[in-house]
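Here's the structure we're looking at; comments come further down.
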Amino acid sequence: MRRPIVIGNWKMNGDSVSIRDLLGGLTSQWSGVHQAEVAVCAPYPYLGLCADQLENTNIGLGAQDLSVQSSGAYTGEVAGQMLTDVGCGYVLVGHSERREYHAESSELVANKFQAALDAGLIPVLCVGETLEEREAEKTYDVVGKQLLAVVEHCGLAGVAKGIVAYEPVWAIGTGKTATPEMAQDVHSYIREVLGPEGDQVRILYGGSVKPETAEGLFSQKDIDGALVGGASLQAGDFVAICRAAE
Ligand code: PEP
């Protein structure tokens, strides 16, 4: 049995006032979520504030990136151990916005995945194809390569300690969601690539998930939850998605 999980990715949004409000909204509307594991990935400066406000709740905390280094003269970088120290349990690695805007290669992403494991964090590995790649029928090829880069570096057993998020790039922040069947096909492929460990790894779908689309996606046998961007900034929508994962 894989426990369903929903993770919010706030990206570079919010300030101390709006984040306090959002967390207040989440905790006050929190009912009907018993089985699902839930976490929010906040911008670095607000992690401490979130850790304090989420104490004694069932909502976990994550960051959106980490350094491959563990400490030292790496100006501007944040080590996994620092994230654990301020209360994070999760960290996103290889989000398409980092692969695209920060030129993160699959090799770097694999190193970040290992750095997260070494720091005691649960890495959430994001993989997914662009529209151009889907139209050229390269989805499996692209997703397979992104995944295998991490398998080669961390081993199947290492990957199995994390979570995989299938996020078609064309569906992120665009309002276009993959149909449940499209997503299921890729999730099932990811499980196959993960071989003997595949059955135990949780695979999330991400890409414009909304309360209205969550249930259809979660009804698919290989979709274990969601990575939610835009809708995680609205407390009511995020709680509704978490309830749909029950
Ligand atoms: C994301 O950034 O991981 C994401 C899925 O965003 P959105 O839900 O806004 O498409």
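The values are calculated or read from the model by the stated rules, or taken from the named source; none is laboratory data. Predicted model only: the values in this text are computed from it and were never measured. Cβ atoms come from the backbone with ideal geometry, glycine included; neighbour counts cover every protein chain shown. Ligands, DNA and RNA are stripped out before the accessible areas are found, and what is left, the full protein with its side chains, is counted by its heavy atoms. Shrake-Rupley method; radii C 1.70, N 1.55, O 1.52, S 1.80 Å.
Structure notes:
- Our helix-only sum for the chain, with -39,500 (n - 2.57) per DSSP H run of n ≥ 4 divided by its residues, gives a mean residue ellipticity at 222 nm of -12500 deg cm²/dmol.
- Residue among 195, 60, 120 with the largest mean-square fluctuation in a Gaussian network model of the chain, springs linking Cα atoms under 10 Å: 195
- Extended-chain gain in nm, criterion 0.36 nm per residue less alpha-carbon gap, residue 73 and residue 49: 6.0 nm
- The GluC sites (Glu not before Pro) of region 120-202 that DSSP puts in a loop, and whose beta carbon has at most 14 other beta carbons within 10 Å, are 137.
- For residue 165, the amide hydrogen comes within under 5 Å of the amide hydrogens of 125, 126, 127, 204, counting only partners 5 or more places away or on other chains and with H modelled in the peptide plane.
- Taking amide H as placed 1.01 Å from N in the peptide plane, the amide H of residue 228 sits under 5 Å from that of 7, 8, 9, each at least 5 places away or on another chain.
- Apportionment of accessible area to carbon and sulfur, the chain, percent (1.4 Å): 48
- Neighbour cut-off at most 13 other Cβ (10 Å), DSSP loop, trypsin sites (Lys or Arg not before Pro), region 1-97: 2
- In region 166-219, trypsin sites (Lys or Arg not before Pro) in a DSSP loop with at most 14 other beta-carbon atoms within 10 Å: 176
- Partner lysines for residue 11 [C-alpha distance under 23 Å; skip if fewer than 8 residues away on the same chain]: 112, 176, 210
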